[in-house]
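Working notes, structure below.
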Ligand SMILES: *Cc1c(COP(=O)(O)O)cnc(C)c1O
């Protein structure tokens, strides 16, 4: 681990968040940074945690659980596709603070059931496939409000907002329409009487555009940790 390198990446990332927020006339404190630590070592996570990063994101249950054995102080967000038979491992972990990738009614019911068993209400985001990408999970934009209406009866999940993963492109301006679409979708849903506060959108390659379009959560891996090693 190269601590100096991590520190430089951290301060550059923070600076870019602040700059993007100020371009949009937004308070940078209204944007939560999730450090996406998949494929990175626990010592890097521990280091960034000590430097003030509050949330870490993982996309595989197995990897999250094994890291959590060493890092019980970390607040995790689950950000990957979640199989129903693995939900129980997440709801059992008090420090798994959010599931960002709720992508089906069946999954919602399972999370609700397992959260109830663990006597907790778990915050979730509804994943929306804004780009209509066949290789991605998530609800179609038009399915999102009906799903949320149905899921409001699940008492052990708390839907706090929407999440999307934009396609990878060279020029991040190309994905601005998807972020705008997610922001508009939240607005429309809230006009129906809901109070979704979170918009999780933006990764290393596109988080500045996402912040300009209203992201309240950005999920940054490579920008903070460097390239992933497989
Ligand atoms: C890996 C991942 C990220 C972070 O990607 P980077 O390009 O490394 O910033 C963000 N969100 C999700 C859902 C991911 O799987």
Practice prompt. Could you list, in sequence order, all residues of the range 189-223 that are more than 8 Å from the ligand (Cβ to nearest atom) and assigned to a helix (DSSP H, G or I)?
Written response: 189, 190, 191, 208, 209, 210, 211, 212
Fill in: Residue satisfying all of: in the range 115-133; surrounded by fewer than 22 Cβ atoms within 10 Å (Cβ to Cβ) and in contact (Cβ under 8 Å) with a residue 40 or more places away in the chain; nearest to residue 161 (Cα to Cα) among these
131
Worksheet item: In the range 197-217, which residues are in contact (Cβ under 8 Å) with a residue 40 or more places away in the chain and closer than 19 Å to residue 102 by Cβ?
Response: 198, 200, 203, 215, 216, 217
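Okay, residues lined up against (1) under 25 Å from residue 157 (Cβ atoms); (2) surrounded by fewer than 20 Cβ atoms within 10 Å (Cβ to Cβ); (3) at pLDDT below 95; (4) in contact with a strand residue (DSSP E or B) (Cβ under 7 Å, 6 or more places away or on another chain):
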{"site": "35", "(1), (2), (3), (4)": "yes, no, no, yes"}
{"site": "43", "(1), (2), (3), (4)": "no, yes, no, no"}
{"site": "47", "(1), (2), (3), (4)": "no, yes, no, no"}
{"site": "72", "(1), (2), (3), (4)": "yes, yes, yes, no"}
{"site": "92", "(1), (2), (3), (4)": "yes, yes, no, no"}
Worksheet item: Going through the range 94-113 one residue at a time, which ones are in a loop (DSSP other than H, G, I, E, B), out of contact with any strand residue (DSSP E or B) (no Cβ under 7 Å at 6 or more places or on another chain) and under 17 Å from residue 159 (Cα atoms)?
Response: 104
Worksheet item: Here are some conditions: (1) under 23 Å from residue 91 (Cβ atoms); (2) within 12 Å of the ligand (Cβ to nearest atom); (3) in a helix (DSSP H, G or I). Residue 150 meets all but one. Which one does it not meet?
Response: (2)
Practice prompt. Tell me which residues, restricted to the range 45-92, are within 16 Å of the ligand (Cβ to nearest atom), assigned to a loop (DSSP other than H, G, I, E, B) and either closer than 26 Å to residue 104 by Cα or free of Cβ contacts under 8 Å to residues at least 24 places away in the same chain (or both).
Written response: 59, 60, 79, 80, 81, 82, 83
Practice prompt. With respect to residue 171, determine if the residue is within 16 Å of the ligand (Cβ to nearest atom), loosely packed, with under 13 Cβ neighbours inside 10 Å and modelled with pLDDT of 95 or more.
Written response: yes
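The values are calculated or read from the model by the stated rules, or taken from the named source; none is laboratory data. Please read these numbers as outputs of a predicted model, since none were measured by experiment. Here the Cβ is made from the backbone with ideal geometry for all residues, glycine too, and neighbour counts use every protein chain on show.
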